[in-house]
Amino acid sequence: MASWKSHKARRQVKESDLSDGIPPQNGTVFNQWYNKWSHGSSSSNNRFVSPFRLNVEKDSGTTASSHDCHTFCLYFARGCCALGPKCQYLHHIPDSHEDKPSSRVKDCFGREKHSQYRDDMSGVGSFQSLNPTLYIGGISNALNEKPLKPIQIENRLKYVFTPLGPIEKIRYVENKNCAFIKFKDTINAEFAKEVMSNQSLLLPNDKEWDRKMDGMGLLVKWAHEDPDPNAKKRRAMEQHQSSLKLMESLLKQYDDDDDSEKNKDKIKFTENKAKSSPEPAPKRQKQKPIDTPPAPLVLGYNSDSD
Amino acid sequence: MSTSPIICEECLGKEDDIRMIRVPEGAECKLCTLTFDLFHFKKDKRSDTIIKTILCPACANQRNICQCCMLDMIWHIPIEERDQLLSLIKRYNITTKEATNEMMKRFLVLKKGNKQIGGATMMIGDDSKLDMLMQEMRDTLEREKSSTFTSESKNINKISKHDASKFANINIHHIIEKLPLSESLTKENSTPTTRFFLYNIDSSLAEWKIDDKISQIVDDGEWKDLHPLSMMINHKATCGTINFRNDKLAEKFVNGLISSGDVISCKTKKGEVLQRGILKIEYFNLYVIPWIKDNFTQNSFGNNTKEYIKLSITLRNLIISEMKFKQSTTDKSTGRVTKASRQSKSKKKSKKVGRITSSFAL
């Protein structure tokens, strides 16, 4: 059993510690719907270091969420949920075995995905394809320009991202000063994206730790597909393997459905025989449960007819 | 056009009666951006989740998908996976291309016979059409199982001659010297260690798979601590290292490998016979050597990509030499002289193998 199940979730912050939610003024008009300032200088910089951060071991725990809830708390991921055990959403790291996303069209926080990625690859992402890879930028700023060797940066990234889910691969690109982190599952990538956005890469034992708020946080976005020919081949191979597995399961399901139909008919036939009715046994009607779109169930209020 | 929504059984749930609310022109379709009549409902009365349609019926109908979950109405899989599957069956590329331009999105949904919708047309039809498709799928599966795809996949990461010559001038003696290549994996190690060196790590092999396999062998999911150096995999260098939390787990790991027979022997130039553990993950074989000396640092596999690739070439050569030794020893044991052993002998004569010395230098 996962350790978080044995205790209640912790309140990450007190309500009094939370700000009023309005970001610092960098425009003339405040858009209440998007919680942003607009109509100002276009060069306004929205990058900052978040004062809150998720502590996986201490903050995880059970909440007041219902049994069929598959939605994670966005504030928990950002390290600032003031509700703690009273929160209606989940407070733990997504586990691919237990926490399956409720729908492909929503992310793990229940936000609707879009048809296309945004031009800058930020945001909730697209439902067209599953993307378990994150792009990590702004590394120098997140380190307050602390000079580190590439391998040290890679290890630091590994240190902060590993607790957020099983990682497939971490690659730091020295020339571009960015990194790519591929998770085992998309659900973990969605979660990690929110956790690490606008976070510092400094650690408490660094000299610069006290000045971490002076820098700028990490820039975490969705990654484009790897253009490396070898990576493409590997992807094709993985897809091929998963397609074969899918074929097996579909065929198995198809055969099972067929068998169950046969059994049903057999039972009906024997019942009829026992009754020794003069009517012939009913002909087997081949039906597949997932065959045609189900009959629409439009009940209740119909505002159009009013 | 019918005003009823196209919703799959998974979304509708098991309840016989569902209260469904219709909102005329209530939402914008996620695919074509045109407005449509939105339906929202709950699977059962006590459910917290409100399910709503996100696509217009025209888009859903064109692609044969559910308006709520966007999965195929028959197989209940995503469009992308359905296209891959049908591509395999039909032996030509089938893809669903969604328009990116807003005008084009609207145009395609209003136009009859959208040709960009991939395999959806193959799915729409009567039972006999589906039966035929399932039969084709069965044939495809049999055909693919007998093909040599897995053996082809092993060749992806082969080092090309171009790469070998490109990195020939990179000097990594200082890295090779520090690697524990002269150590042997035995039960009675003079100095017990918690750290092990892994090599022959394919670049497609995920870190979590290695982690899972080791957890399985030592029967402990928390065999390592959170420090990044406790498991460091360098896919470019095709090698890595693992460090167990304590000696007991390390001992269990070694015993696990030896007892299951996952060990091979190899010989150095000096004639010393060494043992390597084999960590079998899927169809990959990772070689394991104990890292007895306390000289591991985060730079142990190099400092830049060139050094990583050079190290991977060196380790590849090492594996080839070790495999040759294994081949010759097995041939000796059976008393037969195979083509492979003859080749290895002739190569030894021509001193080509001499490049891989006893100290495993370049």
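Here are a few things to note about the model shown:
- Globularity ratio of region B:26-95, using Cα Rg and 2.2 N^0.38 Å: 1.31
- Region B:167-177 - phi-based ³J(HN,Hα) in whole Hz, Karplus 6.51/-1.76/1.60, Gly and Pro as x: 9, 5, 7, 6, 9, 10, 4, 4, 7, 4, 4
- Annotation for B:Asp219 and A:Asn175: the two label points, set 7 Å from Cα along the Cα-Cβ direction, are 5.0 nm apart.
- Amide hydrogen neighbours beyond the local backbone of A:Cys178, cut-off 5 Å, H modeled: A:Val173
- With the Kirkwood sum run over all distinct C-alpha pairs, region A:1-158 has a hydrodynamic radius of 18.5 Å.
- With a 1.4 angstrom probe, the accessible area lost at the A-B interface totals about 6400 Å².
- Pairwise FRET efficiency - B:Met132 versus A:Tyr159, Cβ, R0 = 45 Å, nearest 0.05: 0.25
- Rounded to 0.05, the FRET efficiency of the A:Asn230 and B:Asp17 pair, given R0 = 45 Å and the Cβ-Cβ distance, is 0.25.
- Coarse-grained scattering of region B:1-146 at q = 0.16 Å⁻¹, given as base-10 log I(q)/I(0) from a Debye sum over alpha-carbon atoms: -0.92
- Residues B:Glu28 and A:Val13, FRET efficiency given R0 of 60 Å [Cβ-Cβ distance, rounded to 0.05]: 0.95
- Spacing of the modelled spin labels on A:Asn55 and A:Gln116, each 7 Å from Cα toward Cβ, amounts to 4.4 nm.
- A simple spin-label model places the labels of B:Ile50 and B:Lys111 3.7 nm from each other, with each point 7 Å out along Cα-to-Cβ.
- Rg(Cα) / (2.2 N^0.38 Å) computed for region A:7-77, rounded to two decimals: 1.50
The values are calculated or read from the model by the stated rules, or taken from the named source; none is laboratory data. As the structure is a computational prediction, the values presented were derived from the model and not from experiment. Cβ coordinates were reconstructed from backbone atoms using ideal geometry, including for glycine residues, and neighbour counts include every protein chain displayed. Keep in mind that these areas ignore ligands, DNA and RNA; they rest on the heavy atoms of the full protein, side chains included. Shrake-Rupley method; radii C 1.70, N 1.55, O 1.52, S 1.80 Å.
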